[in-house]
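Let me begin by presenting the structure, written as structure tokens, before commenting on it.
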């Protein structure tokens with residue numbers, strides 16, 4: 001256990017640097033900590049105030065923590081990315097998944113193409129968890145599900161949902177699989193009402209969600225355009241809300 005009372009401490013600089021590395025990600029808050037306890041995950045580095053440590057000592061002793069840093073409230077504020085930090089956070093190692101692992105399950109998949117809002121991305125991770133999706137595939141043209149704000153918005157679901165960043169070479173192979181491919185877009189002459197799509201296709205389909213505002217950048221021949229029926233001249237919804245509705249409709253098929 002290491003005590004730190006200055007934001008200029010060399011260890012603080014190392015923590016900030018480590019959380020930017022590809023194989024790690026930063027989390028914060030009591031809710032996320034409780035999810036870690038539930039999943040019995042190993043915490044690579046735990047950073048918290050002495051007050052929080054005294055309250056959570058028993059829980060911390062029941063999981064594997066490689067390093068513990070006790071810091072002052074002021075030091076934690078310097079580390080935190082939130083306006084009102086709760087005084088507990090840390091670094092986890094990303095669990096690495098293979099594309100084949102996600103695709104091996106006959107469950108639906110979300111495919112994220114260029115999403116820019118980490119809050120939306122984290123909420124979609126939460127939706128995938130809630131409705132038992134096989135995982136999330138995303139391109140590197142948008143926000144990663146491991147972005148700090150996306151992790152926070154997932155409220156711990158990132159611990160359970162496999163996420164995989166796909167490159168263009170893998171993408172060409174992926175779209176040649178037999179999975180049904182669905183583009184979520186506004187209603188048009190060449191799109192289908194999601195409620196009228198074959199139920200079996202929906203059960204293990206890939207649902208493509210595009211950038212807020214401009215929609216999907218990716219073009220795939222053979223993908224089926226689908227829309228969510230709406231009323232009162234509304235033709236589009238926030239991408240995370242769209243994912244939630246899709247998750248609910250598809251989740252009902254299990």
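For the subset of the range 189-210 comprising residues that are within 20 Å of residue 234 (Cα to Cα) and either outside the structural domain of residue 243 (by TED's automatic domain parsing) or in contact with a strand residue (DSSP E or B) (Cβ under 7 Å, 6 or more places away or on another chain) (or both), which member is surrounded by the most Cβ atoms within 10 Å (Cβ to Cβ)? Walk me through how you get there before you give the answer.
If we filter the range 189-210 for residues that are within 20 Å of residue 234 (Cα to Cα), which is where we start, we get 189-196, 209-210.
This time we only want the ones that are either outside the structural domain of residue 243 (by TED's automatic domain parsing) or in contact with a strand residue (DSSP E or B) (Cβ under 7 Å, 6 or more places away or on another chain) (or both), so: 190-194, 209-210.
Numbers: 190: 7, 191: 15, 192: 15, 193: 11, 194: 18, 209: 27, 210: 21.
If we take residues in the range 189-210 being within 20 Å of residue 234 (Cα to Cα) and either outside the structural domain of residue 243 (by TED's automatic domain parsing) or in contact with a strand residue (DSSP E or B) (Cβ under 7 Å, 6 or more places away or on another chain) (or both), then 209 is surrounded by the most Cβ atoms within 10 Å (Cβ to Cβ).
Give the number of residues within the range 139-154 that are in contact with a helix residue (DSSP H, G or I) (Cβ under 8 Å, 6 or more places away or on another chain) and either more than 18 Å from residue 19 (Cα to Cα) or outside the structural domain of residue 217 (by TED's automatic domain parsing) (or both). Let's see the steps before the verdict.
Pass one, the range 139-154, residues in contact with a helix residue (DSSP H, G or I) (Cβ under 8 Å, 6 or more places away or on another chain): 139, 142-154.
Within this subset, residues satisfying the condition of being either more than 18 Å from residue 19 (Cα to Cα) or outside the structural domain of residue 217 (by TED's automatic domain parsing) (or both) are 139, 142.
Adding up the residues that qualify gives 2.
Does the range 239-247 contain any residue that is within 24 Å of the chain's Cα centre (by Cα), in a loop (DSSP other than H, G, I, E, B) and surrounded by 15 or more Cβ atoms within 10 Å (Cβ to Cβ)? Step through it out loud before you land on a result.
Our first condition is that a residue be within 24 Å of the chain's Cα centre (by Cα); within the range 239-247, this holds for 239-247.
After this cut, where a residue has to be in a loop (DSSP other than H, G, I, E, B) as well, the list is none.
No - not one qualifying residue is present in the range 239-247.
Has the range 65-73 got any residue that is crowded, with 21+ Cβ neighbours inside 10 Å and not assigned by TED's automatic domain parsing to the domain that holds residue 246? Quick ask: steps written out before the conclusion?
Filtering the range 65-73 down to residues crowded, with 21+ Cβ neighbours inside 10 Å leaves 69, 71.
Checking which are not assigned by TED's automatic domain parsing to the domain that holds residue 246 leaves us with 69, 71.
Yes, the range 65-73 contains at least one residue that is crowded, with 21+ Cβ neighbours inside 10 Å and not assigned by TED's automatic domain parsing to the domain that holds residue 246.
When the range 16-49 is examined, which residues are found to be closer than 14 Å to residue 76 by Cβ, in a helix (DSSP H, G or I) and at pLDDT below 95?
16, the sole residue that qualifies.
So which residues in the range 1-15 are part of a strand (DSSP E or B) and surrounded by fewer than 19 Cβ atoms within 10 Å (Cβ to Cβ), if there are any at all? Step through it out loud before you land on a result.
The first filter runs over the range 1-15 and keeps only residues part of a strand (DSSP E or B), leaving 2-4.
Passing the criteria: 2, 3.
In the same structural domain as residue 104 (by TED's automatic domain parsing) and at pLDDT 90 or above, is that true of residue 234?
Details: in the same structural domain as residue 104 (by TED's automatic domain parsing): yes; at pLDDT 90 or above: no.
No; evaluated as a whole, the condition is false for this residue.
On the basis of being over 24 Å from the mean Cα position of the chain (by Cα) and either closer than 16 Å to residue 135 by Cα or in a helix (DSSP H, G or I) (or both), does residue 170 make the cut?
Values: over 24 Å from the mean Cα position of the chain (by Cα): no; either closer than 16 Å to residue 135 by Cα or in a helix (DSSP H, G or I) (or both): yes.
Against the criterion (over 24 Å from the mean Cα position of the chain (by Cα) and either closer than 16 Å to residue 135 by Cα or in a helix (DSSP H, G or I) (or both)), residue 170 does not qualify.
Here's the yes/no breakdown for (1) closer than 29 Å to residue 49 by Cα; (2) over 14 Å from the mean Cα position of the chain (by Cα); (3) part of a strand (DSSP E or B):
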| site | (1), (2), (3) |
| --- | --- |
| 83 | yes, yes, no |
| 86 | yes, yes, no |
| 90 | yes, yes, yes |
| 103 | no, yes, no |
| 110 | no, no, yes |
| 115 | no, no, no |
| 123 | yes, no, no |
| 141 | no, yes, no |
| 150 | yes, no, no |
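Would it be correct to say that residue 155 is surrounded by 15 or more Cβ atoms within 10 Å (Cβ to Cβ), closer than 30 Å to residue 83 by Cβ and touching a strand residue (DSSP E or B) at 6+ places or on another chain (Cβ under 8 Å)?
Values: surrounded by 15 or more Cβ atoms within 10 Å (Cβ to Cβ): yes; closer than 30 Å to residue 83 by Cβ: yes; touching a strand residue (DSSP E or B) at 6+ places or on another chain (Cβ under 8 Å): no.
Answer is no for this residue.
The values are calculated or read from the model by the stated rules, or taken from the named source; none is laboratory data. Owing to the predicted nature of the structure, the values given are computational and were not obtained by experimental measurement. We place every Cβ from the backbone using ideal geometry, glycine too, and count neighbours over all the protein chains shown.
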